[in-house]
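These notes are about the structure you will find just below.
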Amino acid sequence: MTLLMQRLLKRTTVSRRGFTLIEMVIVLAIISLLMLIVVPNLNDQRNRATTRQKEALTEVVQNQAEMYANDTGEAVTGGPEMLDKLLDKGYINAGQHKQATTQGISPVRPKSKLIGG
């Protein structure tokens, strides 16, 4: 064999290293498609978690307000004054007070409608 033929055979039989441009583009396309599927679901989950957190905090504040009313004999009133009383007497902590005030949570439990009467 000639020297030129040996060089050509050597070039074609050498294993490649790295990725080609098309392989990189395909990988990026797959990753972007997965992101298009995942990101909207994460936003929905975040919104649901925020809603559930507010519902849970509302339930805690209203339960603590009822406990305060039972312990002191005072009526439960709406507004930040009642939240301040609950904080001062230790029925809710500072974080709950801040969140309830920020989110406009009322310590007054809504009257449930009576069924059939």
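Within this structure, residue 3 passes the test of being free of Cβ contacts under 8 Å to residues at least 40 places away in the same chain and of a type outside the set (D, E, K, R). When the residues of segment 54-98 are filtered to those that are of a type in the set (A, V, I, L, M), in contact (Cβ under 8 Å) with a residue 12 or more places away in the chain and part of a loop (DSSP other than H, G, I, E, B), which remaining residue is farthest from residue 109 (Cα to Cα)? In this case the residue turns out to be 92.
Within segment 83-92, the only residue that satisfies the criterion of being buried (at least 17 other Cβ atoms within 10 Å of the Cβ) and more than 24 Å from residue 50 (Cα to Cα) is 85.
Scanning segment 20-55 for residues that are over 30 Å from residue 95 (Cβ atoms) and among the acidic types (Asp, Glu) yields a single hit, 23.
So that you can scan it fast, the table gives a plain yes or no per residue for (1) modelled with pLDDT under 90; (2) in contact with a Ser or Thr (Cβ under 6 Å, 6 or more places away or on another chain); (3) surrounded by 14 or more Cβ atoms within 10 Å (Cβ to Cβ):
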residue: 60; (1), (2), (3): no, no, yes
residue: 94; (1), (2), (3): no, no, no
residue: 98; (1), (2), (3): no, no, no
residue: 112; (1), (2), (3): yes, no, no
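The values are calculated or read from the model by the stated rules, or taken from the named source; none is laboratory data. Being a predicted model, the structure only gives us computed values, none of them experimental. Ideal geometry is used to build each Cβ from the backbone, glycine not excepted, and the neighbour counts take in all protein chains shown.
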